[in-house]
1. Here's a check for you: in the range 69-122, which residue that is outside any helix (DSSP H, G or I) and of a type in the set (Val, Ile, Thr) is nearest to GLU40 (Cα to Cα)?
2. Tally up the residues in the range 71-94 that are in contact (Cβ under 8 Å) with a residue 24 or more places away in the chain and more than 12 Å from the chain's Cα centre (by Cα), please.
3. Out of curiosity, is VAL81 among the aliphatic types (A, V, I, L, M), open to solvent by less than 20 Å² (accessible area, probe 1.4 Å) and closer than 15 Å to LEU23 by Cα?
4. State whether one or more residues within the range 165-174 are assigned to a helix (DSSP H, G or I), free of Cβ contacts under 8 Å to residues at least 12 places away in the same chain and among the acidic types (Asp, Glu).
5. Name the one entry in ASP90, ASP86 that is of a type outside the set (Lys, Arg), out of contact with any Leu (no Cβ under 6 Å at 6 or more places or on another chain) and modelled with pLDDT of 95 or more.
6. When the residues of the range 145-160 are filtered to those that are aliphatic (A, V, I, L, M) and assigned to a helix (DSSP H, G or I), which remaining residue is most open to solvent (accessible area, probe 1.4 Å)?
7. Determine whether the range 91-100 contains at least one residue that is surrounded by 19 or more Cβ atoms within 10 Å (Cβ to Cβ) and farther than 28 Å from ILE189 by Cα.
8. Among the residues of the range 38-54, what is the count of those that are assigned to a helix (DSSP H, G or I) and either exposed (fewer than 13 other Cβ atoms within 10 Å of the Cβ) or not β-branched (Val, Ile, Thr) (or both)?
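The values are calculated or read from the model by the stated rules, or taken from the named source; none is laboratory data. Just so you know, these numbers come straight off a predicted model, no measurement behind them. Don't worry about glycine lacking a Cβ; one is built from the backbone with ideal geometry, like all the others, and counts go over all protein chains shown. Surface areas here come from the heavy atoms of the whole protein model, side chains and all, with no ligands, DNA or RNA. Shrake-Rupley method; radii C 1.70, N 1.55, O 1.52, S 1.80 Å.
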Amino acid sequence: MDPVPPAHSLRRTPIQQRSADRLARILDACAELLDETGYENLSTRTVALRAGVPIGSVYRFFGNKRAMAIALAHRNLDRYVDGIADRLDDLPATHWRPVVDAVLDEYLAMKRSVPGFALVDFGVPAPPAGEAEGDPNHQVAVRLTELLSAHLGLTPDATLERAVLVAVEATDALIQLAFRTDPSGDPGIVTETRAMMHAYLARVLD
């Protein structure tokens with residue numbers, strides 16, 4: 001069963017498996033249509049048609065397309081963290097560089113294969129004026145700090161949290177550049193990104 005987005009991003013949290021499956025189909029359809037039509041042309045009606053559910057089923061969970069995209073972003077983040085955790089199962093806790101590589105490699109794998117990820121990875125396009133939403137990179141950094149600390153036996157203090165946040169922000173910008181240059185991610189820029197992560201995080205992880 002797919003992870004269910006946080007309750008605050010849903011009008012109603014699915015209780016039964018059938019409802020959870022329907023929610024997953026809606027989010028899958030949303031992701032596919034993002035690739036095909038872009039965010040601006042996304043609509044709850046076209047998502048309902050693609051998912052094969054009544055429009056009322058979409059509105060049972062989401063008030064508008066933005067809420068739906070936010071839920072997709074939350075699901076992406078949960079999948080990202082789960083994917084990293086799977087990679088870490090095969091890595092010793094004695095060396096941090098392979099752990100950081102796993103964090104980057106999982107992101108690259110999702111960037112290349114997950115529908116809709118190019119437009120909605122862990123956040124949605126900028127909110128309208130006057131609206132506030134949690135910063136996606138901050139949320140990613142919090143989750144990564146927890147993972148790194150647990151695997152490497154570190155104390156998740158403010159210094160580590162700040163360093164991970166800076167690394168996430170810098171890596172996000174560089175990976176965007178890599179995929180603007182090459183649809184699969186420019187290998188040279190990816191290599192430079194990995195070197196940057198190692199050099200910067202060595203300050204707190206060595």
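1. Of everything passing the filter in the range 69-122, VAL120 is nearest to GLU40 (Cα to Cα).
2. 4
3. The answer is no for VAL81.
4. No, the range 165-174 contains no residue that is assigned to a helix (DSSP H, G or I), free of Cβ contacts under 8 Å to residues at least 12 places away in the same chain and among the acidic types (Asp, Glu).
5. After ruling out the rest, the residue left standing is ASP86.
6. Within the range 145-160, the match that is most open to solvent (accessible area, probe 1.4 Å) is ALA150.
7. no
8. Number satisfying all stated conditions: 5.
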